[in-house]
2 protein chains.
Amino acid sequence: MDTMKDCTIYKTIDIIGKRWTLCILLELYKGNNSEKRFNELKKKVAGITPKTLSTRLKELGEDGLVKRTLDEATDPMVYTYSLSESGADFMEIIQSIKEWGLEWKFENKACGLSKCKNCKL
Amino acid sequence: MDTMKDCTIYKTIDIIGKRWTLCILLELYKGNNSEKRFNELKKKVAGITPKTLSTRLKELGEDGLVKRTLDEATDPMVYTYSLSESGADFMEIIQSIKEWGLEWKFENKACGLSKCKNCKL
DNA sequence: CTTCATAGTATCCATCAAGAAACTGCCATT
DNA sequence: AATGGCAGTTTCTTGATGGATACTATGAAG
């Protein structure tokens, strides 16, 4: 019990292991990590409900992976989301997951390219 | 929907994203990836129930990450579990998760060592 | 003045995963 | 003869997650 709770790997998995989280991170990364808005993400992350997206963005904000900025110039308030520095660095994990998957489990021409047409990674 | 289902990253996460999975993989890796038995794993992976361990080992076996071998010399039948080649290679992902966690989220003296005293990674 | 889009929140409900606990069958030990 | 270990399976229950749907408030567009 104690050893598990102290494990960096486990604590990290707690942050990123939830459904949709990777998907959202990936979506934010696309297009040179440009800022994105709520409904834009909702469309891209096909199938996610607004409730879940809202929850995940909040969690990722609290964990420091995603920046939520209020654009004060607009009215009504418009928030934009983008990856923080740690969120961008997280793409390295995603990259290693992808490499393992391609090596051992899946054939995917798109992902085999240096830049996958689906995930842009 | 389609893009998600075709994504190598997502398919890989499906395999390894479940609770306890990483823990079991890590435990199998320890001690130079020596063969381990059911109750041995149950003790090491503190808190897991036999039911869940049984389920996970089956899944990991089907996905090719874990080898289950029947030791025919013993009676009654004794199965031993160990990482397959792809399972061992999977440690690279775990390593990158650990590095990210240590860089951005957690301070952990043990994990900071080249060989963590908890996870032996 | 009605409808649409944005950016979510609120409510309810169904499913599923996981925990607890007991049980099986076989063997070795005491 | 009884206890305990090994390797799980079975049953029952609960808690959390996520899906569906509707709703709010604001402003723009037609």
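Listing for the model above:
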quantity: Expected 222 nm ellipticity per residue - DSSP helices of 4 or more, -39500 (n - 2.57), all of chain B, to 500; calculated: -16000 deg cm²/dmol
quantity: 26 Å Cα-Cα threshold exceeded, pairs from A:LYS44/B:LYS18; A:LYS43/B:LYS11; A:LYS115/B:LYS115; A:LYS11/A:LYS98; A:LYS18/B:LYS44; calculated: A:LYS115/B:LYS115
quantity: Residue with peak Gaussian network fluctuation, chain A [Cα springs, cutoff 10 Å], from A:PHE38, A:PHE90, A:PHE106; calculated: A:PHE106
quantity: Distance between the stretch B:5-30 and the stretch A:14-46 - C-alpha centres, whole angstrom; calculated: 20
quantity: Ascending list, in nanometres, of distances separating the A:ARG37 label from those of the other copies (7 Å, Cα toward Cβ); calculated: 6.3
quantity: Cα centre as origin, Lys/Arg/Asp/Glu Cβ charges: the protein assembly as shown dipole, Debye; calculated: 520
quantity: Debye intensity ratio I(q)/I(0), log10, chain B, q values 0.11, 0.15, 0.20 Å⁻¹ (C-alpha model); calculated: -0.43, -0.76, -1.19
quantity: A from B by rotation - nearest chain B beta carbon to the axis, in Å; calculated: B:SER96, 2
quantity: Highest-MSF residue in chain B out of B:LYS30, B:LYS43, B:LYS58 [GNM, Cα springs under 10 Å]; calculated: B:LYS43
quantity: For the stretch B:2-86: accessible area per residue (Å², 1.4 Å); calculated: 56
quantity: Pairwise burial B:A, computed as accessible area of each alone minus the pair, summed, 1.4 Å, Å²; calculated: 3900
quantity: Amide proton proximity set for A:VAL66, modelled H, under 5 Å, gap of 5+; calculated: A:GLY61, A:SER84
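The values are calculated or read from the model by the stated rules, or taken from the named source; none is laboratory data. What you see is a predicted model, and the numbers here were worked out from it, not measured in a lab. Neighbour counts run over all protein chains shown; Cβ positions are idealised from the backbone, glycine included. Side chains are part of the model used for accessible areas, which takes the heavy atoms of the whole protein and leaves out ligands, DNA and RNA. Shrake-Rupley method; radii C 1.70, N 1.55, O 1.52, S 1.80 Å.
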